[in-house]
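This report concerns only the one structure given below.
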Amino acid sequence: MEQDRAVELILIELISSRICHDLVGPVGAVNAGAELMGEAGVADDEALALMRKSGLEAARRLQLFRLALGRAGNSVDTKSMRDAVAQSFEAEGKVTLLWDQTGIGIDPAHGRLVLNMVMLAREALPFGGDIVVTCESGGRISVNATGKRAAFRPDVENVMKNEVAPEQLDPRTVHGFFLRNLAHRTGGALSVLQEDGNVALIYD
């Protein structure tokens with residue numbers, strides 16, 4: 001069972017790495033093209049602003065996926081992971097992130113775990129809100145998300161709480177499956193808490 005789980009995670013990592021690798025170049029080219037159009041004066045300011053914002057948001061999101069789901073996340077320091085998610089949220093403009101300084105010194109494996117917890121917490125904020133990350137000295141990590149109608153989808157909550165066969169997954173639930181297994185692989189367990197306007201992911 002453990003061997004099967006390891007194979008599944010490796011496949012997810014490799015597929016994600018390939019997708020991100022193939023898309024980073026074209027997205028960067030769109031962003032560069034928008035800047036060139038602006039310099040040449042061949043497009044109106046509103047259209048250019050939209051292109052730049054969309055290109056920047058897409059590029060930062062792809063970088064986030066690369067660190068969270070691809071093999072790049074196995075060796076990148078935690079500060080870089082925190083900066084990547086902060087920049088992604090800044091480009092999006094709907095979520096504020098508070099990731100305390102005490103968590104910067106944790107190893108890449110746990111930093112990657114936090115990054116995935118933050119990304120899943122973001123999915124629970126349909127109207128935006130605030131995400132607070134706390135990394136305690138004993139190894140306990142909590143990610144709290146607060147906002148209007150904050151809640152995990154029932155199917156996503158299910159795969160984070162329970163064992164689910166891979167064939168039962170779909171694109172909406174695979175990230176929760178990945179997070180739960182990543183928590184086990186780093187030697188801990190994941191808990192999911194929900195109440196009105198607030199959700200929390202806890203690792204210990």
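The values are calculated or read from the model by the stated rules, or taken from the named source; none is laboratory data. Computed from a prediction, not measured in an experiment: that's the story for all the values here. Every residue, glycine as well, gets a Cβ built from its backbone with ideal geometry; the counts of neighbours run over all protein chains shown. Heavy atoms of the whole protein, side chains included, go into the accessibility calculation; ligands, DNA and RNA do not. Shrake-Rupley method; radii C 1.70, N 1.55, O 1.52, S 1.80 Å.
For region 63-81, state whether one or more residues are modelled with pLDDT of 75 or more, surrounded by fewer than 12 Cβ atoms within 10 Å (Cβ to Cβ) and either under 27 Å from I131 (Cα atoms) or not β-branched (V, I, T) (or both).
Among the residues of region 63-81, at least one is modelled with pLDDT of 75 or more, surrounded by fewer than 12 Cβ atoms within 10 Å (Cβ to Cβ) and either under 27 Å from I131 (Cα atoms) or not β-branched (V, I, T) (or both), which makes the answer yes.
Among (1) without any contact (Cβ under 8 Å) to a residue 40 or more places away in the chain; (2) open to solvent by 40 Å² or more (accessible area, probe 1.4 Å); (3) within 24 Å of G128 (Cβ to Cβ), there is one condition I15 misses while meeting the rest; what is its number?
Every condition holds for I15 apart from (3).
Taking V95 as the residue in question, decide whether it is under 12 Å from the mean Cα position of the chain (by Cα) and under 21 Å from I202 (Cα atoms). Spell out how you get there, then give the answer.
Numbers: under 12 Å from the mean Cα position of the chain (by Cα): no; under 21 Å from I202 (Cα atoms): yes.
When the stated conditions are applied, V95 does not pass them.
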